[in-house]
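Colleague: Questions regarding the structure given below will be posed in turn.
What follows draws every value from the coordinates through simple rules; no lab data is involved. Being a predicted model, the structure only gives us computed values, none of them experimental. Cβ: placed from backbone, ideal geometry, glycine included. Neighbour counts: every protein chain shown.
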Amino acid sequence: MQTRFICLAALLILIAFIGCGTGNVPMGGTVTFSDNGDPLEVGTIVFTDGKQQARAELGPGGKFNLGFVKANDGLPKGSYKVYISGAIKREDRDVPNPRPGVLYFTETQLIDLKYERPDSSGLTFIVDGTTKTTTFSVDRATGAAALPQDREIENSPP
């Protein structure tokens, strides 16, 4: 009798777990430049509700699909602040007499730095329960932030 009860309890728990999805809403979209609509194809877009974050890498065409727990699993319903980090173009550069083990490259900030923080980006989104696709339009970096910066880093072995 006790074995039956344990089996029944285990079966009910299993059914409960199978029946419970994440409750997340599939969420994706595109990030473009406000001046001409060209896609921003580098960087990470992050949605945060102040407690948790979902993120996705921007890809070809500026497209993204968010993951909250794992890649592409969407977002729970709620209100989110949105920001974009790492929107930097990197290009290798040649230097005369390079030092061994040093990587030389040039970085150019692509978007206004205000988009790097959730409290200054001005980007928000509400997930209300249906599959969502959205487009965020961002301003290009200007002034000193937009100037290419030469960088070098030690490429030390692990």
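Colleague: Among the residues of region 84-142 satisfying the criterion of being of a type in the set (S, T, N, Q) and in contact with a helix residue (DSSP H, G or I) (Cβ under 9 Å, 6 or more places away or on another chain), which is nearest to T44 (Cα to Cα)? Please lay out each step first, then the result.
Modeller: Step one: of region 84-142, the residues of a type in the set (S, T, N, Q) are 85, 97, 106, 108-109, 120-121, 124, 130-131, 133-135, 137, 142.
With in contact with a helix residue (DSSP H, G or I) (Cβ under 9 Å, 6 or more places away or on another chain) added as a condition, the list becomes 85, 108-109, 120-121, 135.
Details: S85: 5, T108: 16, Q109: 14, S120: 16, S121: 14, T135: 14 Å.
Only one residue fits best here, namely S85.
Colleague: Just name the residue that is surrounded by the most Cβ atoms within 10 Å (Cβ to Cβ) out of those in region 38-73 that are touching a residue at least 40 places away in the same chain (Cβ under 8 Å) and closer than 17 Å to F136 by Cβ.
Modeller: I45
Colleague: Still on this structure, please answer the following. Being without any contact (Cβ under 8 Å) to a residue 60 or more places away in the chain and assigned to a strand (DSSP E or B) is the filter here, so list the residues in region 118-145 that pass it.
Modeller: Passing the criteria: L123, T124, I126.
Colleague: With the checklist (1) surrounded by 18 or more Cβ atoms within 10 Å (Cβ to Cβ); (2) in contact with a Gly (Cβ under 9 Å, 6 or more places away or on another chain) in hand, flag the one item I88 doesn't pass.
Modeller: (1)
Colleague: Being of a type in the set (S, T, N, Q), loosely packed, with under 13 Cβ neighbours inside 10 Å and closer than 17 Å to E57 by Cα is true for just one of T142, T124, T133. Which residue is that? Outline the logic, then answer.
Modeller: Details: T142 fails: closer than 17 Å to E57 by Cα; T124 fails: closer than 17 Å to E57 by Cα.
The conditions single out T133.
Colleague: List the pairs whose first member sits in region 94-117 and is closer than 15 Å to D150 by Cβ, whose second member is surrounded by 13 or more Cβ atoms within 10 Å (Cβ to Cβ) and among the β-branched types (V, I, T), and whose Cβ atoms are under 8 Å apart, counting only residues at least 6 apart or on separate chains?
Modeller: From region 94-117, the pairs are E107/I88; T108/I88; Q109/I88.
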